[in-house]
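Below you'll find the structure, written out as structure tokens, and then a few comments.
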Amino acid sequence: MKRLAVLALLVLWAAPALAAGADEAMLPDPAQEARARHIMEELRCLVCQNESISDSHADLARDLREIVRERVAAGESDKQVKAFMVDRYGDWILMKPPFNWRTAVLWLAPLLLLAAGGTGVWIYVRRQRTGVPPAAALDEVERARLLALLDEDGSA
Amino acid sequence: MKPQHVLPLAIFVTIVVAFGASFHLNLNPEETPFAIKDRSMPAFDLPPALDGTPGLASKDLQGHVAIVNFFASWCAPCREEHPVLLTLEKRTGVPLYGIAYKDQRPALAKWLGGEGNPFRAIGFDENGRTFIDWGLSGVPETFVVDGRGRVVWRFQGALNEAVLDKGLMPFLKKVKGGGAS
């Protein structure tokens, strides 16, 4: 039992070594490899969808990583590599969607909601300020009535 | 406009805009975008998947309407749609070509030998690069290439009667009727 637990621990320990891409051929130039890694983080895995291809174990993600490395090694810019992917899979493959008319609502919705909320608060505050007239000072009759009421309350 | 009308109006406008925009966004997470729609088909030249049969290159698909089916013998939905493929040419009058994605030749030969081979020719996409060039994320996926070599229709997943009746058949009628073939 103890041996099994130790074994399980060892397997868990080794798991990071099995992370996506760990067994793949890295680019010999570390600067290029770093750039390729950065691009991979910005591309969506089409099979698992909420992972970048850098994190995914899917077969397709592996192939896409290979293509990223090939194109980086061939001297393409980040923009060119991403364009290659968008050409085939659309903007959807980008983890961070670009700002265009199709995604305008997505990007602007928080601002719109903030504006709507702000307008609501503004209207509320304005109404508070103008809606209720400032209380006038009590005249003699009111003061006498108030004292009477307070007295009544105290004696009850 | 009275101030108390501003907020409801703003909310209403926001909802209308969001609703309208939802038609432009792809909200079905199962379906990936059809990025190559209406573009020239991505070029490829693949070796044959079966001994004694032709391979497949993009030039083979030029000049006529064609159906291209990406599949694999290891893929369960591909086996599911296989009976539909077997009669597809007869029903549509359009030649059917296959591209085998990351398959093993013996497994492929065994399967198609047993169940029947519906394809004019099968390209063997061993490294999956043609699959990526066509913007696929899984198999099976079926495309229609028009007479001018443009990729004009696609379906992700296993073909079935409903897809044929409501999607493929009416579409092919339009493509062929339009004189594009």
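So for the stretch A:104-155, taking the charge dipole from beta-carbon charges (+1 Lys/Arg, -1 Asp/Glu), which of A:Val125, A:Trp107, A:Leu150 sits furthest toward the positive end? The listed residue farthest towards the positive side: A:Trp107. The mean count of C-beta atoms from other chains within 10 Å of the C-beta of residues in B:131-137, rounded to a whole number, is 5. As I understand it, the value is the acute angle between the Cα axis of helix B:3-22 and the longest principal axis of the Cα atoms of chain B; what does it come to in degrees, rounded to 10? Helix B:3-22 and the main axis of chain B meet at about 10 degrees. Of all DSSP bridge pairs formed entirely within the stretch B:43-158, close to 60 percent run antiparallel.
Given a Förster distance of 30 Å, report the FRET efficiency between B:Ala76 and A:Gln49 from their Cβ-Cβ distance, rounded to the nearest 0.05.
On the way: r = 20 Å, r/R0 = 0.68.
For B:Ala76 and A:Gln49, the calculated efficiency is 0.90.
Lysine pairs in the stretch B:89-181 whose alpha-carbon atoms fall under 29 angstrom of each other, counting only those eight or more residues apart or on distinct chains, come to 9.
Charging the Cβ of each Asp and Glu at -1 and of each Lys and Arg at +1, and nothing else, the dipole of the protein assembly as shown about its Cα centre rounds to 820 debye.
Note on surface exposure: A:Arg65, B:Arg91, A:Arg143 rank A:Arg143, B:Arg91, A:Arg65 by accessible area, highest first, 1.4 Å probe. Each of the GluC sites (Glu not before Pro) that DSSP puts in a loop and that has at most 15 other Cβ atoms within 10 Å breaks chain B; the longest unbroken stretch is B:32-181. When the residues B:Trp153, A:Trp122, A:Trp107 are ordered by accessible surface, computed with a 1.4 Å probe over the protein chains alone, the sequence from largest down reads A:Trp122, A:Trp107, B:Trp153.
How would you rank B:42-53, A:39-50, highest first, on the average number of other Cβ atoms within 10 Å across their residues?
Values: B:42-53: 15.0, A:39-50: 18.8.
Output ranking for B:42-53, A:39-50: A:39-50, B:42-53.
DSSP beta bridges fully contained in the protein assembly as shown are about 65 percent antiparallel.
Inside 10 Å of the C-beta atoms of A:106-114, what's the mean count of C-beta atoms belonging to other chains?
Neighbouring Cβ atoms belonging to other protein chains average 2 per residue here.
Label separation (B:Ala107 vs B:Lys173): 3.9 nm, computed from points 7 Å beyond Cα along the C-beta direction. A 1.4 Å probe, protein heavy atoms only, puts the accessible area of B:Leu9 near 80 Å².
The charge dipole of the stretch A:20-93, taken about its Cα centre with unit charges on the Cβ atoms of Lys, Arg (+1), Asp and Glu (-1) only, comes to about 180 debye. Taking a straight line from the alpha carbon of B:Lys59, these aspartates and glutamates sit under 12 Å away, with near neighbours fewer than eight places off in the same chain left out: B:Asp45.
With all protein chains present and a 1.4 Å probe, how do A:His38, B:His64, A:His57 order by accessible area, largest first? Walk me through the numbers before you get to the answer.
Working: A:His38 90, B:His64 55, A:His57 130 Å².
Result of the area sort, largest leading: A:His57, A:His38, B:His64.
Counting, for every residue in A:85-91, the Cβ atoms of other protein chains within 10 Å of its Cβ and taking the mean gives 6.
For B:Phe19, the accessible area of its heavy atoms, probed at 1.4 Å with every protein chain present, is near 130 square angstrom. Cα centroid separation, the stretch B:65-92 to the stretch B:1-17: 52 Å.
The values are calculated or read from the model by the stated rules, or taken from the named source; none is laboratory data. All of these numbers come straight from a predicted model, not from anything done at the bench. Quick reminder, even Gly has a Cβ in these numbers, built from the backbone with ideal geometry, and neighbours come from all protein chains shown. Quick note on the areas: whole protein, heavy atoms, side chains included, nothing else; ligands and nucleic acids left out. Shrake-Rupley method; radii C 1.70, N 1.55, O 1.52, S 1.80 Å.
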